[in-house]
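S.K.: I have a structure I would like to understand better, so I am pasting it below and will then ask my questions one at a time.
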Amino acid sequence: MCGIVGYAGGRDVVPVLLNGLSRLEYRGYDSAGVAVISDNRLKIYKTRGRLSALRELMEGCCAENTVGIGHTRWATHGEPSFENSHPHTNCAGDIAVVHNGIIENYMKLKEWLMAEGAVFTSETDTEVIAHLINHFYRGNLLAAVLEAVERLEGSYALGVVCEKNPDTIIAARKDSPLVVGLGNGENLIASDIPALLEYTRDVIFLNDREVAVVTRDSVELYDQYGQPVERESYHVSWDVSQAEKGGYEHFMIKEIHEEPRAMADTFFPRYKDGIIDLSEIGIDEQLVRSIDKVGIIACGTAFHAGMVGKYIIEDLARIPVEVEVASEFRYRRPIITPGQLFIIISQSGETADTLAAMREAKKRGAKVAAIVNVVGSTIAREADAVLYTHAGPEIAVASTKAYNTQLVAIYMIALELARLSGAMDMERYTQLAEGLSRIPALMNKVLENKEQLARVASRNFSQSSVFFIGRGLDYVLSMEASLKLKEISYIHSEAYAAGELKHGTIALIEQGTLVVALATQGALLEKTISNIKEVKARGAQVLAVCFEGTHLPEDIADEVVYLPRTDDLFAPILAVTPMQLFAYYMAVNKGCDVDKPRNLAKSVTVE
């Protein structure tokens, strides 16, 4: 969602805020603004559009030894405009607020504040917060913020500055991420770590309903009742260069090339003497004996990883698995049994629906293990156990390497559940564990073939619709492949179980329609070939994806992408990368903003 940056210290605050916001551009935004206290006056600068427009507006501005807050907004309440851009202020213009999240009771609060004399200039829910803090302000900014947030319903990450408290930033959060950076003679706040790394590697993650008082020399934490809170800081080990393009044209293509390293970093620290060690999430014989069902909860790309998990866990461990979209799970009456293990999947660890669903499962007594990339995120902190994927920062909105590492984590869990339950003999376990260990090296071979995908994309980027078909694991893979194409190229795309073509879908095939046929599952190959013939007979162009050595009938496909041979079970990991590359090159050929697709944000922290 939106990006927040705040700074208190001796530097010129303007470049700190602008540089920090530039590190958060991947989150998606349509306007930007900052508030700084300079010459004892609160000054607001904001623009509609890209951050470059704000830089031009602020050219020549300087504000040293002071505080400031900045924001990139993604429109929710009110269209993108100067009036609706953050920061928002009270009537006097001496209190400024930046906000990520949604205030659900803002209309009720707005009506009350207007009756009290407040004058509103925007359509946003955020402006309510500025007037609310002003209403309770009696010289103590912390007390006013605590009074204000007590009346807010919904989600928020807040940065607040006040002309009458010129050395202080107040930060507060509920259901939206906020991080405090600890520097030397300077301290910062941000909605994500990359905005801070140029200045510090030591951070504090705020918990829900906590408030931080930040000055250049100190950071004080308080709970919702104003009681002091003690918290150890976390040291960020990855380098700021990992959040930069490193010579690549886009973050997305850079992150695709990082997949072999990311998968190796996820797998090998947990692979010891031929055995996968998942003791960090409590998967041992005692736990496995108590499990009669697994539930997987996720959204978007992570949901597709969960669908792969269903196939793999049921196949290898013979434990029934239910996979649910988090936004649906939380609004029904799910049946949760004492013997059920829930696996929560989220790259950011802040996905609002996934977090709420996890809390619902925990409230009902379920054991929860999370697969998360971002260390210290809310889901990671609140889960009973967390299996971190080591993908490193993923900046592009479309998930690539994070998805691959989620799959590796799921395969490790499936293999351990199978071994410890006795559903698999050690010979087969060793074979699959070793096969999984070879996937990063095989992925390098997949990436060597990227030029073929670029050529295919250059011939097909004008397609109005693309269809993906497959059976078994290939059908699950087709869902993610279709999502990747539509989210960054804006081409209408659908995924279908190949066996369902005759039940209506084949009516959509006409001369020249592009069909991507995934054919990696040997046991289903003949049936998949039959389905490919059906679309080919109706004029489709076919791009097939299969393993090296697969025999396809002559002229069944217009182009074939061959994958290095591995066990069919691992096809979803290897085959998704060519689909990511295909989507990338389709989007590039269309001139799309690959890293920042329209209407999308990296971390969906609101419903």
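The values are calculated or read from the model by the stated rules, or taken from the named source; none is laboratory data. Just so you know, these numbers come straight off a predicted model, no measurement behind them. Glycine also receives a Cβ, built like all others from the backbone with ideal geometry; neighbour counts cover every protein chain displayed. Keep in mind that these areas ignore ligands, DNA and RNA; they rest on the heavy atoms of the full protein, side chains included. Shrake-Rupley method; radii C 1.70, N 1.55, O 1.52, S 1.80 Å.
S.K.: So A115 clears everything in (1) hydrophobic (A, V, I, L, M, F, W, C); (2) under 21 Å from P228 (Cβ atoms); (3) without any contact (Cβ under 8 Å) to a residue 24 or more places away in the chain except one condition, right? Which one?
M.R.: Going through (1) hydrophobic (A, V, I, L, M, F, W, C); (2) under 21 Å from P228 (Cβ atoms); (3) without any contact (Cβ under 8 Å) to a residue 24 or more places away in the chain one by one, A115 breaks only (2).
S.K.: Sticking with this structure for a sec: Would you be able to say whether some residue in segment 148-159 is open to solvent by less than 10 Å² (accessible area, probe 1.4 Å), closer than 21 Å to A190 by Cβ and of a type in the set (V, I, T)?
M.R.: no
S.K.: So the check is Cβ under 7 Å with 6+ separation or different chains; which pairs have a first residue in segment 180-209 that's within 18 Å of L21 (Cβ to Cβ) and a second one that's of a type in the set (K, R) and assigned to a strand (DSSP E or B)?
M.R.: E186/R11
S.K.: Any chance segment 62-83 includes a residue that's surrounded by fewer than 24 Cβ atoms within 10 Å (Cβ to Cβ), on the phi > 0 side of the Ramachandran plot and at pLDDT 85 or above? Even if it seems obvious, please write down each step before you answer.
M.R.: Filtering segment 62-83 down to residues surrounded by fewer than 24 Cβ atoms within 10 Å (Cβ to Cβ) leaves 62-66, 74-83.
Among the residues that remain, those that are also on the phi > 0 side of the Ramachandran plot are: 65, 78.
If we keep only those that are at pLDDT 85 or above too, we end up with 65.
Yes, segment 62-83 contains at least one residue that is surrounded by fewer than 24 Cβ atoms within 10 Å (Cβ to Cβ), on the phi > 0 side of the Ramachandran plot and at pLDDT 85 or above.
S.K.: Does V119 satisfy the condition of being aliphatic (A, V, I, L, M) and either surrounded by fewer than 21 Cβ atoms within 10 Å (Cβ to Cβ) or in a helix (DSSP H, G or I) (or both)? Walk me through how you get there before you give the answer.
M.R.: Working: aliphatic (A, V, I, L, M): yes; either surrounded by fewer than 21 Cβ atoms within 10 Å (Cβ to Cβ) or in a helix (DSSP H, G or I) (or both): yes.
Answer is yes for this residue.
S.K.: Looking at I169, I193, I204 in this structure, which one is of a type in the set (V, I, T) and within 14 Å of V97 (Cα to Cα)?
M.R.: I169 is the lone residue from the list that is of a type in the set (V, I, T) and within 14 Å of V97 (Cα to Cα).
S.K.: Scan L563, L581, L543, L552 and give me the residue that is closer than 16 Å to T528 by Cα and at pLDDT 90 or above. Full working, then the answer.
M.R.: Numbers: L563 fails: closer than 16 Å to T528 by Cα; L581 fails: closer than 16 Å to T528 by Cα; L552 fails: at pLDDT 90 or above.
When all the criteria are applied, what remains is L543.
S.K.: Here are some conditions: (1) at pLDDT 90 or above; (2) crowded, with 21+ Cβ neighbours inside 10 Å; (3) not hydrophobic (A, V, I, L, M, F, W, C). R455 meets all but one. Which one does it not meet?
M.R.: R455 satisfies every listed condition except (2).
S.K.: OK, next. Can you name the helices (runs of 4 or more DSSP H) wholly within segment 286-383 that have at least 3 residues being open to solvent by less than 20 Å² (accessible area, probe 1.4 Å) and at pLDDT 95 or above?
M.R.: Values: elements: 300-317, 326-329, 352-363, 378-382.
Here the list reads 300-317.
S.K.: Counting only residues that are modelled with pLDDT under 95 and either part of a strand (DSSP E or B) or surrounded by 22 or more Cβ atoms within 10 Å (Cβ to Cβ) (or both), how many does segment 203-215 have?
M.R.: Selection size over segment 203-215: 4.
For (1) assigned to a loop (DSSP other than H, G, I, E, B); (2) of a type in the set (D, E); (3) over 21 Å from L152 (Cα atoms), each residue gets a yes or a no:
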residue: P15; (1), (2), (3): no, no, yes
residue: N19; (1), (2), (3): no, no, yes
residue: S22; (1), (2), (3): no, no, yes
residue: F82; (1), (2), (3): yes, no, yes
residue: H86; (1), (2), (3): yes, no, no
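S.K.: Need pairs with beta-carbon distance below 6 Å; first residue under 8 Å from V211 (Cα atoms) and of a type in the set (D, E) and within segment 221-235, second open to solvent by 100 Å² or more (accessible area, probe 1.4 Å) and assigned to a loop (DSSP other than H, G, I, E, B); sequence gap 6+ or separate chains.
M.R.: Listed by first residue and then by second, the contacts come to nothing, as the list is empty.
S.K.: Collect the residues in segment 126-150 that are more than 15 Å from Y225 (Cβ to Cβ) and acidic (D, E), keeping them in residue-number order.
M.R.: The one that is more than 15 Å from Y225 (Cβ to Cβ) and acidic (D, E): E127.
S.K.: Among the numbered criteria (1) under 21 Å from D208 (Cα atoms); (2) touching a Ser or Thr at 6+ places or on another chain (Cβ under 6 Å), which one does T389 miss?
M.R.: (1)
S.K.: Among the residues of segment 160-182, which ones are open to solvent by less than 10 Å² (accessible area, probe 1.4 Å) and charged (D, E, K, R)?
M.R.: R173, the sole residue that qualifies.
S.K.: Given the conditions (1) more than 30 Å from D353 (Cα to Cα); (2) at pLDDT 90 or above, which single one is not true for I103?
M.R.: All conditions pass for I103, except number (1).
S.K.: Based on what the data block shows, is D265 acidic (D, E), assigned to a helix (DSSP H, G or I) and under 21 Å from the mean Cα position of the chain (by Cα)? First the steps, then the outcome.
M.R.: Numbers: acidic (D, E): yes; assigned to a helix (DSSP H, G or I): yes; under 21 Å from the mean Cα position of the chain (by Cα): yes.
The answer is yes for D265.
S.K.: From the list A544, A519, A507, exactly one residue is touching a Ser or Thr at 6+ places or on another chain (Cβ under 7 Å) and either open to solvent by less than 10 Å² (accessible area, probe 1.4 Å) or hydrophobic (A, V, I, L, M, F, W, C) (or both). Which is it?
M.R.: On the way: A544 fails: touching a Ser or Thr at 6+ places or on another chain (Cβ under 7 Å); A507 fails: touching a Ser or Thr at 6+ places or on another chain (Cβ under 7 Å).
Selected residue: A519, the only one of A544, A519, A507 that is touching a Ser or Thr at 6+ places or on another chain (Cβ under 7 Å) and either open to solvent by less than 10 Å² (accessible area, probe 1.4 Å) or hydrophobic (A, V, I, L, M, F, W, C) (or both).
S.K.: Just to be sure, is M579 open to solvent by less than 10 Å² (accessible area, probe 1.4 Å), touching a Phe, Trp or Tyr at 6+ places or on another chain (Cβ under 7 Å), part of a helix (DSSP H, G or I) and not aromatic (F, W, Y)? So that I can check it myself, show each step before the final result.
M.R.: Values: open to solvent by less than 10 Å² (accessible area, probe 1.4 Å): yes; touching a Phe, Trp or Tyr at 6+ places or on another chain (Cβ under 7 Å): no; part of a helix (DSSP H, G or I): yes; not aromatic (F, W, Y): yes.
The answer is no for M579.
S.K.: With respect to T215, is the statement that it is of a type in the set (S, T, Y), touching an Asp or Glu at 6+ places or on another chain (Cβ under 9 Å) and within 30 Å of E147 (Cβ to Cβ) true?
M.R.: On the way: of a type in the set (S, T, Y): yes; touching an Asp or Glu at 6+ places or on another chain (Cβ under 9 Å): yes; within 30 Å of E147 (Cβ to Cβ): yes.
Yes; evaluated as a whole, the condition is true for this residue.
S.K.: Considering only residues that are within 22 Å of V288 (Cβ to Cβ) and at pLDDT below 90, which ones fall in segment 385-415?
M.R.: none
S.K.: Which of the residues that make up segment 387-405 are open to solvent by 10 Å² or more (accessible area, probe 1.4 Å) and outside any loop (DSSP other than H, G, I, E, B)?
M.R.: Y388
S.K.: Residues being assigned to a strand (DSSP E or B), among the hydroxyl-bearing types (S, T, Y) and within 27 Å of the chain's Cα centre (by Cα): count how many of those fall in segment 24-55.
M.R.: Applying the first criterion (assigned to a strand (DSSP E or B)) to segment 24-55 yields 31-38, 41-48.
Then drop every residue that is not among the hydroxyl-bearing types (S, T, Y), which leaves 31, 38, 45, 47.
Of the ones still in play, those that are also within 27 Å of the chain's Cα centre (by Cα) are 31, 47.
Looking only at that region, the number is 2.
S.K.: Among (1) under 19 Å from the mean Cα position of the chain (by Cα); (2) free of Cβ contacts under 8 Å to residues at least 24 places away in the same chain, where does G246 come up short?
M.R.: It fails just one condition, (1).
S.K.: What number of residues within segment 273-316 are under 15 Å from M412 (Cβ atoms), out of contact with any Ser or Thr (no Cβ under 7 Å at 6 or more places or on another chain) and of a type in the set (A, V, I, L, M, F, W, C)?
M.R.: Looking only at that region, the number is 13.
S.K.: Test of understanding: among I379, I345, I335, which residue is of a type in the set (A, V, I, L, M, F, W, C) and without any contact (Cβ under 8 Å) to a residue 24 or more places away in the chain?
M.R.: I335
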